[in-house]
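The values are calculated or read from the model by the stated rules, or taken from the named source; none is laboratory data. Model, not experiment: these values are computed from the prediction. Backbone-built Cβ (ideal geometry, glycine too); neighbour counts: all protein chains shown. Heavy atoms of the whole protein, side chains included, go into the accessibility calculation; ligands, DNA and RNA do not. Shrake-Rupley method; radii C 1.70, N 1.55, O 1.52, S 1.80 Å.
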Amino acid sequence: MITDVNTCSDRERYRRDLLDIYQAALQSVHGERAVARWLSQSDGASFAVAAIGKAAPAMMQGALRALGERLLQGLVITRKGYADPRFASHERIIQMESAHPVPDESSLVAGQALLDFIRDQPEKQPLLFLISGGASSLVKVLSAGISLDDLQNLNRWLLGSGLDIHAMNSLRCRISEIKGGGLLGYIAHRPTTVLLVSDVPGDDPAVIGSGLLFPSPQGKLPAHLPEWLAALPMRPPVPEQTTVPQHHLVATSAQAVAAVAQKARSLGYVAHAGYPPMEGDAAEQGAAFARSLSEAPPGVHVVGGETTVVLPPHPGRGGRNQHLALAAAREIAGRDDLLVLAAGTDGSDGPGEDAGALVDGSTWQRARDEGFDPALALEQADSGSVLEATGDLISTGPTGTNVMDLLIGLKVPESG
């Protein structure tokens, strides 16, 4: 029987269990495994393969593992710092690094490289696209009348706007030649297959990577747009009669949540995974989850999804998961039986190098002991500074996947 967290060693053991559970979830949706599994069922066709996103190197490794010599030519476009050194001198695969979350000149270079890669393929050559989250920033081909400054201003504004991913992508697609299905105009009649690692609620292929090969309806623009943004020229939508290739989901948040539950049970915990996806303000969600955990039955409780943060004018360090975790730490302060892990599955959380944080009932007081005012840090969006001082940050590096965030709580069973 699991005992109460009444000693330091108990607390550390439960923290290790939560980290092991999180790692098991990452492995279950790893891009290499997911792509290789799907392609193992392919019919022997040969492909030119383009992989775009934070999980692009892992997804390309999966394609190479499954296809072997049937992978004729490859292009990998991923985030700076996420490149796979195994592709550095590969004879058939070119790898490029680009900017995320705010695009820069490298995003435009990568966008042109993608168009050149497609153009260079024979007319009937089957194409395989491997798309994961981050593609929106990593490849850019701007519509007429849009400058790089316009693009960067839009992305910076979006990061602190509090808009959900659907509203964000609606705006991104309107200034891009290749988003919102715009890339379909470049593949012509080449047979095309698309494999997706989903980082969006509902796993909508029109939203993953801003729908490079899947048209999205251009709905009503969000209210209260800045004047400069409302004045930008907007690209018309892709014609409704455009042929859309088959899109296949190979890794999703639901799979990661299921893996959390499975690993938790293997460690002897009761698992609770029947929650709706999390969304909305990160601090509110963190506080609400912590309160519900306090009243919930013992065991591991897991939620997938993605929250938002409305940033103050001069934000500090940290991303939405660190913000959520610190808000949860305030609610569970002084509790020996509650722990909360909040982390991205892609290994990043906002602009920094950390994936998220794992907090417990002592985090809030440890922050004070280190000379921080954690409540003020929440107001200033500076949770990362506090959580670094308390030793609660999670750092993984690139994970090879990207299926939104995981929120995992542990309520320790009473001894008996």
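From the list ALA99, ALA63, ALA36, ALA83, the one residue that fits, being among the aliphatic types (A, V, I, L, M) and touching a residue at least 40 places away in the same chain (Cβ under 8 Å), is ALA63.
For ARG11, the criteria (1) open to solvent by 40 Å² or more (accessible area, probe 1.4 Å); (2) out of contact with any Asp or Glu (no Cβ under 9 Å at 6 or more places or on another chain); (3) modelled with pLDDT under 95 hold in every case but one, which is (2). Annotation: SER383 fulfils all but one of (1) farther than 28 Å from GLN255 by Cα; (2) open to solvent by 10 Å² or more (accessible area, probe 1.4 Å); (3) hydroxyl-bearing (Ser, Thr, Tyr); the unmet one is (2). Note on the stretch 238-260: among residues that are within 30 Å of SER176 (Cα to Cα) and of a type in the set (Val, Ile, Thr), the one that is most open to solvent (accessible area, probe 1.4 Å) is THR243. Selection of the stretch 143-160 for residues being buried (at least 19 other Cβ atoms within 10 Å of the Cβ) and either in a loop (DSSP other than H, G, I, E, B) or at pLDDT 90 or above (or both) yields SER143, ILE146. Looking across the stretch 323-362 at every residue that is in a strand (DSSP E or B) and free of Cβ contacts under 8 Å to residues at least 60 places away in the same chain, the one that is surrounded by the fewest Cβ atoms within 10 Å (Cβ to Cβ) is identified as ALA357. Do we find that LEU184 is in contact with a Ser or Thr (Cβ under 7 Å, 6 or more places away or on another chain), under 30 Å from GLU279 (Cβ atoms) and open to solvent by less than 30 Å² (accessible area, probe 1.4 Å) in this structure? The answer is yes for LEU184. GLY202 satisfies every condition listed in (1) closer than 30 Å to LEU67 by Cα; (2) in a helix (DSSP H, G or I); (3) open to solvent by less than 10 Å² (accessible area, probe 1.4 Å) except (3). Scanning the stretch 103-142 for residues that are in a loop (DSSP other than H, G, I, E, B), among the aliphatic types (A, V, I, L, M) and within 27 Å of HIS30 (Cβ to Cβ) turns up just one, VAL139. Only residues that are out of contact with any Asp or Glu (no Cβ under 9 Å at 6 or more places or on another chain) and buried (at least 17 other Cβ atoms within 10 Å of the Cβ) were counted across the stretch 102-112, and they come to 4. For the stretch 123-142, filtered to residues that are at pLDDT 95 or above and out of contact with any Phe, Trp or Tyr (no Cβ under 9 Å at 6 or more places or on another chain), the residue that is nearest to VAL200 (Cα to Cα) is SER132. Among the residues examined, HIS189 does not qualify as assigned to a loop (DSSP other than H, G, I, E, B) and at positive phi. Looking only at residues in the stretch 290-322 that are open to solvent by 20 Å² or more (accessible area, probe 1.4 Å) and in a helix (DSSP H, G or I), the one that is nearest to LEU158 (Cα to Cα) is ARG320.
When you check LEU213 against the structure, is it under 30 Å from THR345 (Cβ atoms), of a type in the set (A, V, I, L, M, F, W, C) and open to solvent by 10 Å² or more (accessible area, probe 1.4 Å), yes or no? No, not satisfied. Regarding ILE77, is this residue under 23 Å from ASP349 (Cα atoms), in a helix (DSSP H, G or I), in contact (Cβ under 8 Å) with a residue 40 or more places away in the chain and touching a helix residue (DSSP H, G or I) at 6+ places or on another chain (Cβ under 8 Å)? No; evaluated as a whole, the condition is false for this residue.
Let's see how each residue does on (1) exposed (fewer than 14 other Cβ atoms within 10 Å of the Cβ); (2) of a type in the set (D, E, K, R); (3) not in a helix (DSSP H, G or I):
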residue: ARG15; (1), (2), (3): no, yes, no
residue: TYR22; (1), (2), (3): no, no, no
residue: ALA48; (1), (2), (3): no, no, yes
residue: ALA51; (1), (2), (3): no, no, yes
residue: MET59; (1), (2), (3): no, no, no
residue: LEU67; (1), (2), (3): no, no, no
residue: GLN73; (1), (2), (3): no, no, yes
residue: GLY81; (1), (2), (3): yes, no, yes
